[in-house]
Amino acid sequence: MDKIFIKDLTAETTIGIFNWERDIRQKVVIDLEMEVDASIAASTDSISDALDYSKISQELLSHIEASHCFLVETLAEELAGIILEKFKVDWVRLRLTKPEALTKASGVGVLIERGR
């Protein structure tokens, strides 16, 4: 199988368990790998046969910006579910990073894999 990826998709959202985090918006960064059969799209050279990563990005950004999750785990699970349910994807690996969560680290987050 082939993999389509999106790297460093960035949005701001309300996320965190502390009271002060509920009053601000924080940056999250998403990296995705999605398993698809890209051979048909490669042979037809048509977006209608391809996984439209622009539509996926728009869908995820809209969800992230409207969400109010406490945990990165929850947001990652929701995003993986959107990809599996709305797009022709059988498997997704999603890394969600909260880059400003710890002062001594470049980021913290979660890496999940989900499939049908």
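Length gained on full extension, S46 to D90: 13.8 nm, using 0.36 nm per residue less the C-alpha separation.
The charge dipole of the chain, taken about its Cα centre with unit charges on the Cβ atoms of Lys, Arg (+1), Asp and Glu (-1) only, comes to about 340 debye.
Would you mind getting me the FRET efficiency between I17 and A38? Use the beta-carbon distance for r and R0 = 35 Å, nearest 0.05. For R0 = 35 Å, the calculated efficiency reads 0.35.
Considering only T74, T103, T14, the Gaussian network model of the chain with Cα springs below 10 Å gives its largest mean-square fluctuation to T103.
Of the GluC sites (Glu not before Pro) found in the stretch 18-61, none is in coil by DSSP with at most 13 other Cβ atoms within 10 Å of its Cβ. Residues whose amide H falls under 5 Å from that of V36, counting only those 5 or more places apart or on a different chain, are D2, K3, I4, with hydrogens built in the peptide plane. Between helix 53-66 and the chain there is an angle of about 20 degrees, using the helix long axis and the longest principal axis of the Cα atoms.
Based on DSSP H segments of at least four residues, each scored -39500 (n - 2.57), the chain has a per-residue ellipticity at 222 nm of -9500 deg cm²/dmol. Rounded to 0.05, the FRET efficiency of the S106 and S67 pair, given R0 = 30 Å and the Cβ-Cβ distance, is 0.85. Of the trypsin sites (Lys or Arg not before Pro) in the stretch 1-108, the ones in a loop by DSSP (not H, G, I, E or B) with at most 13 other beta carbons within 10 Å are R25, K88, K104.
Compared with the dominant Cα axis of the chain, that is its longest principal axis, helix 72-86 is turned about 20°. Cross-link partners for K27 among the lysines, with Cα-Cα distance under 23 Å and sequence neighbours closer than 8 places in the same chain left out: K7, K55, K98, K104. Match the structure shown to one of the listed values (1) 8; (2) 14; (3) 23 of percent of Cα pairs over 26 Å apart, computed from it, and give that label. The listed entry that was calculated here is (3).
Bear in mind these aren't lab numbers, they're just calculated from the coordinates by the rules spelled out. Nothing here was measured: the structure is a model prediction, and the numbers come from that model. Quick reminder, even Gly has a Cβ in these numbers, built from the backbone with ideal geometry, and neighbours come from all protein chains shown.
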